[in-house]
Amino acid sequence: MRHKFNVGQSVYPAKSRVNNPDTYLIVQVLPETSYEPQYRVKGVSSGVECVVCETQISSSRLLSGNAMSPMHQMERENPAQVVWC
């Protein structure tokens, strides 16, 4: 199976239990060992790392009005602090 996401890409939980879920970064594309692609992700604000299946994450989330994603907001407020891999 081919992986849909790349290292360094921002992703979000596909089905979040909270209104404003953390943004996660793909830190590793894992080798194929199960029925679907898996990734190691790290929360941008929480720093929590975990392994997720591809169906558990999404490349975007619905933002109301002109709201920005947390990563874009952080980049706008502190451009020197944002590191791109």
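The values are calculated or read from the model by the stated rules, or taken from the named source; none is laboratory data. In this text the structure is predicted, and so the values were computed from the model without any measurement. So basically every Cβ, Gly included, is an ideal-geometry build from the backbone, and we count neighbours across all protein chains shown.
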- request: Can you run down the residue pairs with Cβ atoms below 6 Å, 6 or more apart or on separate chains, where the first is in the stretch 27-54 and in a helix (DSSP H, G or I) and the partner is at pLDDT below 95?
  value: Glu54/Lys4; Glu54/Glu36; Glu54/Pro37
Restricting the stretch 25-40 to residues that are touching a helix residue (DSSP H, G or I) at 6+ places or on another chain (Cβ under 9 Å) and under 15 Å from Thr55 (Cβ atoms), the residue that is modelled with the lowest pLDDT: Glu36
- prompt: Failed condition for Asp22, given (1) of a type in the set (D, E, K, R); (2) modelled with pLDDT of 90 or more; (3) buried (at least 16 other Cβ atoms within 10 Å of the Cβ), with all others met?
  reply: (2)
